[in-house]
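The structure appears right after this line, and notes come after that.
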Amino acid sequence: MIFVVIGVLLIILNLANVGPFGAWNWEFFGDLWKFTVPFIFAVIWWVWSDVSGLNKRREMDRMEKKKKDRRKENLASLGMDTRARRKAQKQQR
């Protein structure tokens, strides 16, 4: 995401003629590559994170956290302790 922000910022600075970025041209064999580099890095990052499974692991971790939080909230709303089942099993033994 940061690469996309940098790329958009470079384009905005060029269109506003701010600093050295304002002097860059849009010719194909000129300075166009300077505008595309951050977007190319963003694509490489997204491909790598999908191939490596980083996105899926993060998604699974978020789902597990939501599931645990939801269980704790449900038990709290029922007035039960989250470890009540374990305590009850120990008392039966």
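If the condition is being farther than 15 Å from Met1 by Cα and polar (S, T, N, Q), then segment 38-65 contributes only Ser52. Within segment 19-47, the set of residues being open to solvent by 60 Å² or more (accessible area, probe 1.4 Å), modelled with pLDDT of 90 or more and touching a helix residue (DSSP H, G or I) at 6+ places or on another chain (Cβ under 8 Å) comprises Phe39, Phe41, Trp45. Residues that are on the phi > 0 side of the Ramachandran plot, more than 30 Å from the chain's Cα centre (by Cα) and free of Cβ contacts under 8 Å to residues at least 24 places away in the same chain do not occur anywhere in segment 30-37.
Condition check: at negative phi, exposed (fewer than 10 other Cβ atoms within 10 Å of the Cβ), at pLDDT below 90 and assigned to a helix (DSSP H, G or I). Does Lys90 satisfy that? The answer is yes for Lys90.
The values are calculated or read from the model by the stated rules, or taken from the named source; none is laboratory data. The structure displayed is predicted, hence computed values, not measured ones. Virtual Cβ from ideal backbone geometry, glycine too; neighbours counted across all protein chains shown. SASA here: full protein model, heavy atoms, side chains in, ligands and nucleic acids out. Shrake-Rupley method; radii C 1.70, N 1.55, O 1.52, S 1.80 Å.
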